[in-house]
1. What are the residues in segment 122-133 that are without any contact (Cβ under 8 Å) to a residue 40 or more places away in the chain and either on the phi > 0 side of the Ramachandran plot or not in a strand (DSSP E or B) (or both), if any?
2. Within the group Glu107, Glu112, Glu79, which residue is closer than 20 Å to Asp142 by Cα and free of Cβ contacts under 8 Å to residues at least 24 places away in the same chain?
3. Name, by its number, the condition in (1) within 30 Å of Ser188 (Cβ to Cβ); (2) in a helix (DSSP H, G or I) that does not hold for Met227.
4. Testing Pro135 on (1) surrounded by fewer than 23 Cβ atoms within 10 Å (Cβ to Cβ); (2) in contact with a strand residue (DSSP E or B) (Cβ under 7 Å, 6 or more places away or on another chain), one condition comes back false. Which one is that?
5. Quick one: how many residues across segment 155-168 are buried (at least 22 other Cβ atoms within 10 Å of the Cβ) and either part of a helix (DSSP H, G or I) or aliphatic (A, V, I, L, M) (or both)?
6. Could you go through segment 206-217 and let me know if any residue there is on the phi > 0 side of the Ramachandran plot, surrounded by fewer than 21 Cβ atoms within 10 Å (Cβ to Cβ) and either assigned to a helix (DSSP H, G or I) or not basic (Lys, Arg) (or both).
7. Listed residues Ser191, Ser198; which is hydroxyl-bearing (Ser, Thr, Tyr), surrounded by fewer than 20 Cβ atoms within 10 Å (Cβ to Cβ) and outside any helix (DSSP H, G or I)?
8. For segment 252-269, what are the residues that are free of Cβ contacts under 8 Å to residues at least 24 places away in the same chain and assigned to a helix (DSSP H, G or I)?
Amino acid sequence: MRKPEWLRVKTPSGENYVQVKQTLRVLNLHTVCEEARCPNIAECWGTGTATIMIMGDICTRGCRFCTVISGKPVLLDTEEPERVAKAIKEWGLKYVVITSVCRDDLEDGGAEHIAKTIKAVKMLSPEIIVEPLIPDFRDNEDSIKKIVKTQPEVISHNIETVMRLTPKVRDARASYEQSLLVLKKIKSIDSRIYTKSSIMLGLGETEAEVIQTAKDLRTVGVDILTMGQYLQPTLKHLPVVEYLTPQKFNSYKEYMEKMGFIYVASGPLIRSSYRAGEFFLEKVINGKST
């Protein structure tokens with residue numbers, strides 16, 4: 001299936017893009033921007049923004065939409081939290097998304113390591129807003145608590161797709177219900193923290209299923225929703241069933257906003273971390289102060 005014009009993106013370039021890439025290499029860091037082949041890498045890196053991926057670049061799971069390598073991960077790098085904090089301070093970011101591979105090989109799923117990274121970042125950059133994009137930790141409440149106790153302004157966990165397609169799209173160890181429970185527990189531990197989730201479209205879901213998924217997310221208190229077009233990264237991954245038009249994404253946005261989400265980002269190139277800082281700062285933080 002041929003990509004429509006609205007999905008064409010420019011080749012990565014620019015001074016900030018080069019600076020971010022060089023800093024990542026020097027400090028031996030990874031970004032989900034590269035690992036997941038994000039279509040917005042040129043725009044985000046061009047403005048000095050990146051989503052840091054920690055705990056290595058090998059995931060214990062094998063979701064059929066994701067390009068991150070699946071296999072046996074290496075041991076955790078105990079110096080990584082400080083390296084991440086240093087990189088973020090050098091970039092002078094106001095908002096950072098910290099995500100990770102799934103680490104089912106670790107008893108807590110890597111929650112302690114993520115928490116240490118958040119603390120290190122806030123120690124060097126006290127004014128920064130941190131958004132951890134977390135795995136499901138197999139619904140381990142103690143692991144979820146470790147993240148919540150670091151007091152990030154927003155915590156993300158992606159439901160990825162509708163209930164019917166979850167077994168086909170995600171790893172067998174993930175489930176639609178489990179993701180909803182994770183998001184619900186974040187709110188039950190600390191209702192002040194904003195929660196966020198994301199849905200990929202174009203995998204064969206129906207409009208009714210998309211709406212039901214959004215309703216399920218609102219039922220567990222999710223505040224921010226992002227929706228974007230699924231793009232097949234390689235021939236080994238799930239094929240695209242449908243390319244939704246920008247008009248359809250806008251229609252979903254208008255519908256979801258009426259459900260009570262604080263903010264909805266919906267468009268063909270939208271990803272869960274795309275311009276996250278701008279969306280959060282402008283629509284949530286600024287909204288609270290007015």
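1. Lys122, Met123, Leu124, Pro126, Glu127
2. None of the others qualify; the one that does is Glu107.
3. Met227 satisfies all of (1) within 30 Å of Ser188 (Cβ to Cβ); (2) in a helix (DSSP H, G or I) except (2).
4. Just one mismatch for Pro135, condition (1).
5. Qualifying residue count for the region: 3.
6. No.
7. Only one candidate passes the filter, namely Ser191.
8. Glu254, Glu257
The values are calculated or read from the model by the stated rules, or taken from the named source; none is laboratory data. On a predicted model such as this, the values are computed, not experimentally measured, just so you know. Positions of Cβ are backbone-derived with ideal geometry, glycine not excepted, and every protein chain shown enters the neighbour counts.
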